[in-house]
Every structure is written in C-alpha cells, then in structure tokens.
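What follows is a set of notes on a single structure, which appears directly below.
The values are calculated or read from the model by the stated rules, or taken from the named source; none is laboratory data. These figures come from a predicted structure and were not determined experimentally. Here the Cβ positions follow ideal geometry from the backbone for every residue, glycine too, while neighbour counts run over all protein chains shown. Ligands, DNA and RNA are excluded from the accessible area calculation, which covers all protein heavy atoms including side chains. Shrake-Rupley method; radii C 1.70, N 1.55, O 1.52, S 1.80 Å.
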Amino acid sequence: MNSANNISYLDYNATTPIDPRVLDAMLPFLKENFGNANSTHHFGSKIKKQIDDVREKAARFIKADTNEIIFTSGATEAINMALKGIADVYHTKGNHMVTVSTEHKAVLDTCKYLEGKGYEITYLSVDKYGLIDLNELEDAIQKNTILVCVMHVNNETGVIQLIGEIASIVRKKGVLFMTDATQSVGKINVDMESLGIDLLCLSGHKMYAPKGIGALYVRKSINLPTYMHGGGNEKNLRSGTLNVPAIVGLGKACEIATSEMKNDAERVVRFRDELETELLKIPKTFVNGNPENRIYNVSNICFKGFDANVMIGRMKNVAVSNGSACTSAVIEPSHVLTSMGLSRDDAFSSLRFSLGKYTTDKDIKGSVKNISEITQSIYRYA
Ligand SMILES: *Cc1c(COP(=O)(O)O)cnc(C)c1O
C-alpha cells in the first residue's frame, strides 16, 4: 500500500498511511451516517453515541477517564490549547514554564509566542544521547513555575525520555506536567495512571488514522479556558461541529493498536535493526540518539561527509527525511541534533529512517542497496 511507484516509504514519523480498516470504519460516516452530533433527532443521537464510544475507546487506550479527552484537529492544536490555556489560567500563580530544547516546533514556537507575552521559559539541555538531566530539571523548577512540558518520544531520533521519573519530580514540586506523546501513543503503552501526567497530546495521522484529528488529554482537576468560542462543544473548550468521520477513524486506530501494537513492534524492530546494521557498514556512519532509550521504529543516522539533502535528491526508491527545517528559504540544521552536540555539518549529514507496520523486507533490502550505491558514487566533501 505504501510502496506506490515502488518507493519504499520509510517516513512513518512524518505521517502514516491510513489503515484500510480505519478507512472502512470511517466511510459510513462520510455517506449515510452524516449527522451532526449536536442534532437532537435520530441522525444526531446516532452520531452522538458513536462519538461517546470513541471517546471511551481513546480514554481506555491511554488509561484516562472518558471526560478527560478533548478532540482537536491534531497534536499542534492540542499543544497550543494546553500551553496557552495553562499560561492563561495560572498566570496569577506564576509566569514560568520549563520545556526542552529538542521539543517539536509546535511546542517551541508556542513557547516563543508566550515569551512575547511576558512568560519566562526555561529550555532544558540534553546530553549527546538526547536525554534531559533530571537534576537540571529539578533545579529549573521555581516558585513561579506553572508547567513543565517534556515530550515522550522524539520525532527525529526516537529517543524516549524517562517520562515516569520526570513526572514524579514535577509532581513532587506541585507543578503541572504535560507531555507531547504524538510519537509514542499507538507505538508503545502509554499509561496516564501510572505515569502521573496532567496533559498529553496525540495525533491521528501518526497512528494510521487520518490527518486533521487528534486529542488532548486534560486531567479532570484542571480547568482550561475556552480555546475556540462558539456552540460549546468539547466541554466548551473547542466549539465547532465535530469531525465525525475522522473521530471514528481515530477510535478504530486505537482499537487496532490495542491488539496489534505489540506484534507490530516485534516485527518492526527487526527491520529497523537490520537496516541500521547494514547502513552502519558504510564508513564514517553513526547513530544519533540513545541506543537503549529509543523507540523501535526509528534510526537516525549520520553519514559523515555527505550532504543529506543531496542524498535524498538521489534516492530514487526510498522516501526518508532529513531533520532540517526550511524557514524562509534558509535551511537550518536540525535543532534536535545540534542540541545533542552535533556540529552543523554532521546535522546536515543525518537522515531519519522511520519504519511502520507496512514496512517489508523488500523495503529494507532495497533501501540499503540504494543508499549504499549513492554513498559509493556521490562526491564526498569531507
Ligand atoms: C507530528 C508531530 C506533531 C504535530 O502533530 P499534528 O497532528 O500534525 O499537528 C507534534 N509533535 C510531534 C512529536 C510530532 O511528531
């Protein structure tokens, strides 16, 4: 399905294809079951029941309560809603938040916006493996700190932060803890109960559901302000007619992940390790990120001396990603990799391979062959 035109898709962290079973579950809600969940007649009540079911499914999936799930358009919106909302509600308590230099731009740019509004943000550093220092975290939390936001799994390197230990430190200080779990929910067990998380975001299109749907988990003791004004949907946090088909898709994706996640992981990790072992045979290559605390589907590899963009341009049959973000025509090296101490050159030489449940043996063998040929033929500038 994702080998369109015989291209091996190894960019699952950017977005996943929709599971055909998710699409099948959605289709009736794009056709005959088109009702508005707010309508009181038959069409509406049927939809409302469906939405309630999905909310329960999504809640059970992360061990939360049904009334703690707010549907959003994705993780970016959930992050905006959470960070700006907490800033707004708790500004009388303090104006300081703590986050990490390797967060997704959705977090970093929202924090930058809040800095412009007078909030103070501490950006924790990471070690060469991408992990934060728990002592630095503890020292960063002040009397005026209202929120600590640390992502669970990094989208570029797959590094898994010690989220349970982090949450317990934050909680002991009486501060709220938020985590961006966009790259962990659907891949590994995320258990709100045992982790002690106050706010969490997830996204449909990173877990085989469609784009344009996500969710924010908000612990029920927290009252966020209205983010989108209107008819009062989603506990008056986010008005607007619910995206029913996408919500149904998200529910189906949670259901499938519940029963299949573990088996998928076992298969995918073997492919990832094979890919990594083969690519590391290329001279001057190394893995970015913590070899132990790393999710099973990602390998971020530096091909020292090569320009990752040139490599991508030459890859006829492989779709992978480089970490760099192109802002106003200036290409910047990945902020995640430079935060881990990589030089600009090494960051520009790094590629992210992210695998998923439809990755095949052929994808791996083909990619290794293609990349080996490229590195043998390409001009080396170092
Ligand atoms: C993809 C991603 C986001 C943004 O998710 P959207 O649903 O596309 O807004 C945020 N954080 C991480 C870690 C991601 O991988």
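Kindly indicate whether any position in segment 336-359 is open to solvent by 30 Å² or more (accessible area, probe 1.4 Å), assigned to a helix (DSSP H, G or I) and farther than 24 Å from Tyr129 by Cβ. No, that holds for no residue. Residues of segment 360-378 that are surrounded by 15 or more Cβ atoms within 10 Å (Cβ to Cβ) and β-branched (Val, Ile, Thr): Ile364, Val368, Ile371, Ile374, Thr375, Ile378.
Condition check ((1) of a type outside the set (A, V, I, L, M, F, W, C); (2) touching a Lys or Arg at 6+ places or on another chain (Cβ under 9 Å); (3) surrounded by 13 or more Cβ atoms within 10 Å (Cβ to Cβ)) across all residues:
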{"position": "Met261", "(1), (2), (3)": "no, yes, yes"}
{"position": "Arg272", "(1), (2), (3)": "yes, no, yes"}
{"position": "Leu280", "(1), (2), (3)": "no, no, yes"}
{"position": "Cys302", "(1), (2), (3)": "no, yes, yes"}
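If you take the residues of segment 208-222 that are of a type outside the set (A, V, I, L, M) and within 10 Å of the ligand (Cβ to nearest atom), which of them is surrounded by the most Cβ atoms within 10 Å (Cβ to Cβ)? Only one residue tops the list, namely Gly214.
For the condition touching a helix residue (DSSP H, G or I) at 6+ places or on another chain (Cβ under 6 Å) and of a type in the set (Lys, Arg), Lys357 qualifies.
Whether any residue in segment 132-140 is out of contact with any Leu (no Cβ under 6 Å at 6 or more places or on another chain), part of a strand (DSSP E or B) and within 16 Å of the ligand (Cβ to nearest atom) is what I want to check. No. In segment 147-170, of all residues being of a type in the set (A, V, I, L, M) and assigned to a strand (DSSP E or B), the one that is most open to solvent (accessible area, probe 1.4 Å) corresponds to Ile160. So how many residues does segment 158-167 have that are away from the ligand (no atom under 11 Å from the Cβ) and under 14 Å from the mean Cα position of the chain (by Cα)? Result for segment 158-167: 3.
Got at least one residue in segment 113-130 being touching a residue at least 40 places away in the same chain (Cβ under 8 Å) and within 16 Å of the ligand (Cβ to nearest atom)? Within segment 113-130, one or more residues are touching a residue at least 40 places away in the same chain (Cβ under 8 Å) and within 16 Å of the ligand (Cβ to nearest atom).
Is it the case, given these coordinates, that Gly313 is among the small types (Gly, Ala, Ser), surrounded by fewer than 19 Cβ atoms within 10 Å (Cβ to Cβ) and at pLDDT below 95?
Yes: the conditions hold for Gly313.
Regarding Val298, is this residue under 18 Å from the mean Cα position of the chain (by Cα), surrounded by 14 or more Cβ atoms within 10 Å (Cβ to Cβ), more than 30 Å from Ile51 (Cα to Cα) and of a type in the set (A, V, I, L, M, F, W, C)? Answer is yes for this residue. Taken over segment 185-195, the criterion of being open to solvent by 10 Å² or more (accessible area, probe 1.4 Å) and either closer than 24 Å to Gly85 by Cα or part of a loop (DSSP other than H, G, I, E, B) (or both) is satisfied by Gly186, Lys187, Asn189, Asp191, Glu193, Leu195. Is segment 171-179 home to any residue that is open to solvent by less than 30 Å² (accessible area, probe 1.4 Å), under 26 Å from Ser334 (Cα atoms) and within 16 Å of the ligand (Cβ to nearest atom)? Looking for residues that are open to solvent by less than 30 Å² (accessible area, probe 1.4 Å), under 26 Å from Ser334 (Cα atoms) and within 16 Å of the ligand (Cβ to nearest atom), one finds at least one in segment 171-179, hence yes. Of all residues in segment 196-207, those satisfying the criterion of being within 29 Å of Leu23 (Cα to Cα) and either more than 13 Å from the ligand (Cβ to nearest atom) or in a helix (DSSP H, G or I) (or both) are Leu199, Gly204, His205, Lys206. Could you please find all residues in segment 217-259 being in a strand (DSSP E or B) and in contact with a Gly (Cβ under 9 Å, 6 or more places away or on another chain)? Val218, Met228, Arg238 - these are the residues of segment 217-259 that are in a strand (DSSP E or B) and in contact with a Gly (Cβ under 9 Å, 6 or more places away or on another chain).
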